[in-house]
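Below is one structure, written out as structure tokens; comments come after it.
Values quoted throughout were computed directly from the atomic coordinates according to the rules given, and no laboratory measurement underlies them. For clarity, every value in this text was computed on a predicted model and none was experimentally measured. We place every Cβ from the backbone using ideal geometry, glycine too, and count neighbours over all the protein chains shown.
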Amino acid sequence: SQRYRIAVIPGDGIGREVVPEGLRCLQAAAEAHGFELECTEFDFACADYWARHGEMLPPDWRDVLGGFHAIFFGAVGWPEVVPDHVSLWGSLLRLRRGFDQYVNLRPVRLLRGVRSPLRDREPGDIDFLVVRENTEGEYSSIGGRIFEDTDRETVLQETVMTRTGVDRVLRYAFELAAARPRRRLTWATKSNGIAISMPYWDERATAMAQRYPEVAADSDHIDILTARFVLQPDRYDVVVASNLFGDILSDLGPACAGTIGIAPSANINPDRTWPSLFEPVHGSAPDIAGRGIANPVGQIWSGAMMLDHLGEPAAAERVVAAIERVLDERADVLTPDLGGTGTTEGLGTAIAAEIAAGAAGRGRRPE
Ligand code: NAD
Ligand code: IPM
Ligand code: MN
């Protein structure tokens, strides 16, 4: 049978609590669909590898991880001990760049059984994809401080937009939009205020739109875009944004759809030169870590996106269908962020059992 080699990095905080539930569900799907997942765990986390070596990843990380079919990642960050920019630039952001995972695909969907904080919103009203540029943009280490510790102390940080980098994420987003029933795309901009990089982004998006006449494309300034996520979420189908804007939208969207605890993401290297990385949108949540109450659905759904990427779309659909059924029908196992009193393990176990049982799916593609 087909065998996939997966690098597993649980990370810190609730990453260590939700990853086992993700693996439990993935193994149930593998068994049901007759393939194997050979998982190798790595302790690349603040509390493990960093504590011993003072680095987040070994120097040969590219060789260590580069040969896997995919990376299944929890979350890293232990801000009390390691400054966030050190831990994140030392691991997740390094992996995204080093493995050229230039698309960060983050589905946002209001699922049955989950209550939106928005008034009168029902499943179907919120169903869009955030496509986030994942290797450049506002996330840069170019810049520095001058005149330190004086009144003239000055800090500069550059935004980087390359034609290749902007075009490839736009192309990916337009291709996705063209394949969806509504064929709508909105690109986030801020060309009124950010007067160099954002007009460039608009220029490239406008040029790309001309190549996809079947897609209804428009742009929103990021400020009103956030307001419309709340007021008119049904407006959106595919939303493509620069790195920082995409980061913000991909917490706001899931919050509108009930909780960031269910939101998945796929850091994709579409060229398949390197492994892609699958992780929930949320972080290590130090405020609830160690209590066994984190919602594992974001991790499990990210696993479904990984199965789809590996070439197992039926297994991926089965996982998503199981998530939808359990959230809709099993109020007894919902975690506190979903208004329940359940536990991480209870919800993960219920979804794994549903995957194994595999009742005829109302399933759909993982994104
Ligand atoms: P966070 O996502 O960890 O937590 C934000 C809030 O959402 C917290 O109140 C938390 O309890 C809640 N929450 C998050 N995930 C949840 C889940 N699965 N179930 C229930 N509630 C959940 O964001 P933060 O507090 O800004 O960051 C905490 C740490 O995580 C920092 O070190 C940060 O840098 C890191 N971080 C890492 C990643 C990653 O590795 N991908 C992503 C975001 C943040
Ligand atoms: C995310 C996270 C990361 C990001 C942080 C932890 C660096 O917020 O994956 O959304 O900003 O990309
Ligand atoms: Mn984020």
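Taking every DSSP beta bridge with both residues inside the chain, roughly what % is antiparallel (nearest 5)?
Antiparallel bridges: around 40 percent, rounded to the nearest 5.
Among E354, E21, E148, determine the one that fluctuates most according to a GNM of the chain built with springs between C-alpha atoms less than 10 Å apart.
Among E354, E21, E148, the largest mean-square fluctuation in the Gaussian network model of the chain belongs to E148.
When only C-alpha pairs under 8 Å and at least 6 residues apart count, what is the relative contact order of segment 212-284, in percent?
22
Quick one: if you take sqrt(5λ) for each eigenvalue of the C-alpha gyration tensor of segment 275-328, what semi-axes come out, biggest first, whole angstrom?
Its equivalent ellipsoid spans semi-axes of 23, 15, 6 Å.
Could you give the distance between the Cα centres of segment 98-173 and segment 53-79, to the whole Å?
Cα centroid to Cα centroid, the span is 21 Å.
With each pseudo-label sitting 7 Å past Cα toward Cβ, what's the Q210-Q232 distance in nm, one decimal?
That separation, rounded to one decimal, is 2.8 nm.
Enter the per residue convex hull volume of segment 248-367, computed from alpha-carbon coordinates, in Å³ rounded to the nearest integer.
114
If the only charges are +1 at each Lys and Arg Cβ and -1 at each Asp and Glu Cβ, what is the size of the charge dipole of the chain around the Cα centre, to the nearest 20 debye?
1000
How big is the antiparallel share of DSSP beta bridges in segment 142-278, given as a percent to the nearest 5?
Of all bridge pairs located within segment 142-278, approximately 40 percent are antiparallel.
What is the set of long-range amide H partners of C39 at a cut-off below 5 Å, with H atoms built 1.01 Å from backbone N?
Hits under the 5 Å cutoff: I6.
Over segment 225-330, what relative contact order in percent results from Cα pairs under 8 Å that are six or more residues apart?
After rounding, I find 20 percent.
For segment 82-144, state the average projected area of the convex hull of the C-alpha atoms over all orientations, rounded to one decimal in nm².
Its average projected convex-hull area is 6.8 nm².
Would you grab the residues whose amide H sits under 5 Å from the one on W187? Only those 5+ places off in sequence or on another chain, please, with H modelled 1.01 Å from N.
Residues meeting the amide H criterion: D218, S219, D220, V240.
Among P336, P280, P254, which one shows the biggest mean-square fluctuation in a GNM of the chain, springs joining Cα atoms closer than 10 Å?
Among P336, P280, P254, the largest GNM mean-square fluctuation belongs to P336.
I'd like to know which of L334, G246, A316 lies farthest towards the positive end of the charge dipole of the chain, counting +1 on Cβ of Lys and Arg and -1 on Cβ of Asp and Glu.
A316
Anyone know which of E153, E31, E55 comes out most mobile in the 10 Å Cα GNM of the chain?
E153
Starting from 0.36 nm per residue, how many nanometres of slack lie between E80 and D328 once their C-alpha separation is accounted for?
85.6 nm
Relative contact order of the chain, please, whole-number percent, based on alpha carbon pairs below 8 angstrom and at least 6 residues apart.
24
With helices defined as uninterrupted DSSP H runs, which ones in the chain have an alpha carbon span along their own long axis of at least 18 Å and mean Kyte-Doolittle hydropathy of at least -1.0?
The qualifying helices are 15-33, 163-178, 197-210, 243-256, 297-310, 313-329, 344-357.
Using a simple charge model, +1 on the beta-carbon of Lys and Arg, -1 on the beta-carbon of Asp and Glu, nothing else, what dipole does segment 200-305 show about its Cα centre, in debye to the nearest 20?
Rounded to the nearest 20 debye, it is 300 debye.
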